[in-house]
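Below is one structure, written out as structure tokens; comments come after it.
The values are calculated or read from the model by the stated rules, or taken from the named source; none is laboratory data. What you see is a predicted model, and the numbers here were worked out from it, not measured in a lab. Only protein heavy atoms, including side chains, enter the accessible area calculation; ligands, DNA and RNA are left aside. Shrake-Rupley method; radii C 1.70, N 1.55, O 1.52, S 1.80 Å.
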Amino acid sequence: MGELPLDINIQEPRWDQSTFLGRARHFFTVTDPRNLLLSGAQLEASRNIVQNYRAGVVTPGLTEDQLWRAKYVYDSAFHPDTGEKVVLIGRMSAQVPMNMTITGCMLIFYRQTPTVVFWQWLNQSFNAIVNYSNRSGDAPITVGQLGTAYVSATTGAVATALGLKSLTKHLPPLVGRFVPFAAVAAANCINIPLMRQRELQVGIPVTNKQGQRLGHSVVAAKQGIFQVVISRICMAIPAMAIPPVIMDTLEKKDFLKRRPWLGAPLQMGLVGFCLVFATPLCCALFPQRSSIHVSRLEPELRVQIQEQNPSIEVVYYNKGL
């Protein structure tokens, strides 16, 4: 076998990101929970392979499949803009196991106020870590900003959950099962923009097609954050809407009435099954490397780009996850 050529574009995902199917295949790989089991040495080895290849150095004996595997391992653990290693539970590969546990418990323990408060708080604590770890750009965010975002999102989620819970006391039990989803949807609208408020203040990097930075745009940041909010809400729908309907039906059957202890693990399993597919498919709703027309950017940035690169009509940015 000859040496691997240097013309493989690992700056981009392996599959065509202009199609939903290509993005879905990409995110099924990115969100693979098995990546959590990789050791620090394996992560560093993958980073070395990727960085060496980008620098024009091919690891001896490296195949194309191994190169792509190293790229996805690298992408699963390191931030695309800062290059920092992401904390374990903040990685996209942790989404399914973490959300399965937290969402399952929110759906199981939705009747008592203390448990509602605890699981909504835990969910927003987890979301805060994920939103910070997968933010767009490399602009720093202060401890004060992090604290404000965390407290605001947690308060919003708990208030929404408790408010809706009180309103559904006299409604059918099935309606009460959807309270956790409403709280999560509301909290996502608060948590994500607040955790990424720095982007809304200074903007995120926008580049040309070759990846060269052209400036920072708040307009692009708003568009990216909006797309992420929509993806996260859609991601929660199957896991928080389908299991309650199934469980409401099953709990009326003799099988579960005789075996009530099966209810919790069954519901947890249903949530996990939904998340395995919902997580990558909803991440794939919008391209990770999104684009925006130059005419929609801030006037000053638009003028700057047109003066330096008059032929550029579209710029690109990392929308975050």
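Measuring with a 1.4 Å probe in the full set of protein chains, what accessible area per residue, in whole Å², belongs to the chain?
Values: 15510 Å² over 321 residues.
Value for the chain: 48 Å² per residue.
Helix-only estimate, please: 222 nm mean residue ellipticity of the chain, summing -39500 (n - 2.57) across DSSP H runs of length 4 or more and dividing by its residues, to the nearest 500.
Values: 13 runs with 196 residues, N = 321.
Computed ellipticity for the chain at 222 nm equals -20000 deg cm²/dmol.
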In whole percent, how big is the carbon plus sulfur part of the accessible area of segment 26-132, probe 1.4 Å, protein atoms only?
-> 61 percent
Carbon and sulfur atoms account, in whole percent of the 1.4 Å probe accessible area of segment 164-312, for 65 percent
Note down the relative contact order for segment 206-307 as a percent, whole number, built from C-alpha pairs under 8 angstrom at least six residues apart.
-> 38 percent
Around Phe78, which amide H atoms from residues at least 5 apart in sequence, or from another chain, sit under 5 Å from its own amide H, with H modelled in the peptide plane?
-> Val86
